[in-house]
C-alpha cells in the first residue's frame, strides 16, 4: 500500500514561505507529477514527505498513519535524487544491494531481489560495472534500482531526467511509463518540464511559489486550466495570452485587444458574473489558430508572417496582427515566407477568457 | 559579399581524424547549421573557419580569398559563444562597445554603431544598465550585439542556446532566426540539437565522426534523407526502422518483416535496381503512422499498445508489432496501454534503405 495525504502542509524558511498550505492526495499505485518552475516548492515538499524536513504546519499521512514525527528510515519512502549519488567504489550490484544489506537480508534474498530489479530495468548485463563505466541513462537506471529494491511504499523522483540530453530524455520518458506499470509502486516525480509531467503522470500537481494551483489529469490541465499560470505553463508552444478590455457596443460584447477585437457575446453572462473588472485576458492555443491565404467568413484578422520554424512534425509560425505577436501551429504542408500576408481565425470552441486581476479562468 | 568555401578540409589530432575531407560552400547571406552528435567535428570545423585551429589539409576561403594563414582578427568574422561571459557591473553600452574600443575606433563612431545595433536588437533601452540582473534573452542579444557591432562578413555561433531551459529555448529560436534573417549576414550555427537546426537554418550540414553525411535544406533533410544516419538523427521522436527482406512473388513486391508483410509493388523497379542485397530497412516517421481501433484496409498491421504519452496537442503511442517496437505520433487519441490496434503507414512517406550500404533507395 502506498497512499499519501498531505493536509495543509506549510514550510517556511525565515520569512519566505516555501510551501503554502498544500493539500494533496495520492492514491495507492498512482503516478503523480509535481510540476513547477525552480522555487515552486517541489523539492521541499519531497523532503517533508521523506521526513528529512519537518513541516511548520499541517499533517502528512502515509497509508492513513500520521507520520510527522516518524524519522525517514521508518517511513518506507525511497527518494531518488537528480545527481543519482551512486557509490563510486561499489559495483552496480553492490550499489543496488546496499539498502538491503543495511536491512540485514540474507545474501540469497539480496541476490534474488537485485537480479529481479536489474532485469526489470534492463541492466542485468551491467551488474559488475563501476559507476564511472556507465552512461548517463545507465546510471539513472541503477539509481532507480537502488530506490525500488527496497519495495518502498512510495518512490519520490526528484527531476530524474534533467541531466539527460534531449533524445535520451524522450526515450526515458516512455521507459519510465512502461516501468511504472510493472512496478505498481506509488510514484511522485518532480519536474520543471511540462512535457514530462503531462506525458507521464496520471495526475499532475502544478505548483508555483509554494502554492498548489491545480491538481488534475493532464487532459484536464491542458484543456481546462483553472487559472492563468496553469494555462500559460502547460503546453508548448505556450498558449497565446492577450490582454484585452471588455467592451459593450451595439448590444454585442467584445474583447478589445487594441490590434484586434473578438466577439464574446455568447459568454456575456459568465463574464458578467465572474469578472472583477473589465481587464481580461484572451487565451488561445497555437494549434487552435488557423491561417489561410484568403479571407474567411466571420472574425478573420489580417496578419503578417513574422517567422516560420519548421520544427517538424509541427510547423511553428509567429504571426503579427498589428503590433501584436501570436504563435500558431500549422500543418506539415504549410509553406510561407517571412513577410507574407495571411488571414487568421481562432477556433471558437477553444478560446479561454481569464480575469486579469484574480488570474482565474472565466471561460 | 561573404561566401565561405571549405575545400577538402581535414583536421587530425594524432590518429584521430576529427574532420575528414569536408567540402562545402555557404552562399552569401545564407544561414547554415553544422549539426551532429558530440565528436562529429562540427566545432572543430567552426574553429578552423574562425582561425583558432589550423587545418591539417585543405583550404578555407572567404570571398575567394584563402584565409588559412590569416589570423582570426584579420578574417572579418565574429564568434558568438554559448557562455555569456560578461562583467556583471559593466554597463550594456560598454559591453557592446568593447570590440570597437579594442580596434581604436573614435568615441563618435562607437556611440553611433552601438546605438544602431542596440536598436536593431531591441535592447537600446538597456544601454545604461549593468549587465548583471538582465534576463538570459537580453544577455543573448547583448552577446549578438557585441558580434554585430564589428560588422563582420560572417557570424559564427557555437551552440548559443544550449544553456537555456526548454521553454526559453523554444521562444529564443524564433527570435534568433528572425534577427539573423533580418541582418542578412552569412551565418554558421553549430548545434547538436536537430530541432534547432531544422527550425532555423536555410541549409544544414549533418556530420558524424568527422564526415559530412548530407548538406541540404531542412525540408529535404527531413523528407528525403540520403542515408540511414541522417534519417535517424533528424526528427523526434526518431523515425521507425524495421529490418526486412525484399521479396518478389506473383508479379508483386513486398517487404517481409517477419511479423508483417508490406506491399511495395509500386517501388519494385527502383528497389530491385538500387539494392545491393535483399536485406533492406523500412523507415516510417511516427507522425506518418495512423493508429486505428479497427482494421483499416489491406495494408493495416496489427499492433499492441505499450505506452501512451499525451503531449498536449498530440499523442505519442509506443507499440509492438510482434517483436518490432514502433512509435506513432498522432493527434489527440483516446487509447490505453495493452489495447490492440491497427496501424497504417502513409504510403507517400515511407523510406526504404539498403541495410548494407545504409543508403536510401526510396
- [ ] Determine the shielding of peptide B:164-177 by partner chains: average, over its residues, the number of Cβ atoms on other chains within 10 angstrom of each Cβ.
- [x] 4
Open item on the list: Would region B:243-347 count as rounded, prolate or oblate if I go by the C-alpha gyration tensor, calling it rounded below 1.5 in a/c and otherwise prolate when a/b exceeds b/c, oblate otherwise?
Closed with: prolate
- [ ] Please determine, in degrees from 0 to 90 and to the nearest 10, the orientation of helix B:107-120 with respect to the longest principal axis defined by the Cα atoms of chain B, where the helix direction is its Cα long axis.
- [x] 20 degrees
Open item on the list: When 1/r is averaged over all different Cα pairs and the result inverted, which Kirkwood radius in Å belongs to region B:201-300?
Closed with: 15.5 Å
Task: Cα Rg, Dmax (largest Cα-Cα span) when computed across region A:24-144, Å - done: 16.6, 47
TODO: Largest first and in whole Å, give the semi-axes of region A:102-221's equivalent ellipsoid, each being the square root of 5 times a Cα gyration tensor eigenvalue.
DONE: 29, 17, 12
TODO: Sort out for me the Cα centre separation of region B:1-22 from region B:64-125, rounded to whole Å.
DONE: 27 Å
Open item on the list: Can you give me the angle between helix B:166-183 and the longest principal axis of chain B, using Cα atoms only, in degrees from 0 to 90, rounded to the nearest 10?
Closed with: 60 degrees
Task: Convex hull per residue volume in Å³, alpha carbons only, for chain B - done: 165 Å³
Task: Average beta-carbon neighbours from other chains, 10 Å sphere, peptide B:311-320 - done: 5
Task: Computed over chain B: relative contact order in percent, which uses C-alpha pairs under 8 Å that are six or more apart - done: 15 percent
- [ ] Report relative contact order for chain A in percent, whole number only (criteria: Cα-Cα under 8 Å, sequence separation at least 6).
- [x] 15 percent
Task: DSSP beta bridges in chain B [antiparallel fraction, %, rounded to 5] - done: 75 percent
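Does the protein assembly as shown classify as rounded, prolate or oblate by the C-alpha gyration tensor (a ≥ b ≥ c root eigenvalues; a/c under 1.5 gives rounded; else a/b over b/c gives prolate, otherwise oblate)?
rounded
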Task: Cα long-axis angle, helix A:136-148 against chain A (0 to 90 degrees, to the nearest 10) - done: 60 degrees
Open item on the list: Among A:22-32, B:100-110, how do they line up by average Cβ neighbours within 10 Å per residue, starting with the highest?
Closed with: A:22-32, B:100-110
TODO: Please report, to one decimal in angstroms, the Kirkwood hydrodynamic radius of region B:1-128 built from all distinct Cα-Cα pairs.
DONE: 17.0 Å
Open item on the list: Suppose we look only past 23 Å in the calculated P(r) of region B:56-176. What percent of the Cα-Cα pairs does that tail hold?
Closed with: 36 percent
Open item on the list: Once each part is reduced to its C-alpha centroid, what is the distance from region A:323-363 to region A:249-277 in angstrom?
Closed with: 17 Å
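Only bridges with both residues in the protein assembly as shown count here: give the DSSP antiparallel percent, nearest 5.
75 percent
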TODO: With the Cα gyration tensor of region A:228-334 in hand, convert its eigenvalues to equivalent ellipsoid semi-axes via √(5λ) and list them largest first in whole Å.
DONE: 27, 17, 11
Task: Per-peptide average of other Cβ atoms within 10 Å, ordering A:8-21, A:223-236 highest first - done: A:223-236, A:8-21
- [ ] Could you tell me which of rounded, prolate or oblate describes region A:16-69, using a ≥ b ≥ c as the square roots of the eigenvalues of the alpha-carbon gyration tensor, with rounded for a/c under 1.5 and, failing that, prolate when a/b is larger than b/c and oblate otherwise?
- [x] oblate
TODO: Write down the Å³ per residue value for the convex hull defined by the alpha carbon atoms of chain A.
DONE: 167 Å³
TODO: Would you mind telling me which residue in A:221, A:179, A:189 has the biggest mean-square fluctuation in a Gaussian network model of chain A, where springs connect alpha carbons within a distance under 10 angstrom?
DONE: A:179
- [ ] Any chance you could list P(r) for region B:140-244, counting all Cα-Cα pairs in 5 angstrom bins from zero, rounded to whole %?
- [x] 2, 11, 21, 22, 18, 14, 7, 3, 1, 1, 0, 0
Task: Peptide A:302-312, shielding by other chains (average Cβ, 10 Å cutoff) - done: 6
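Laboratory data are not the source of any read-out in this text; all were calculated from the coordinates shown. This structure is a prediction, so every number in the text was calculated from the model and none was measured. Here the Cβ is made from the backbone with ideal geometry for all residues, glycine too, and neighbour counts use every protein chain on show.
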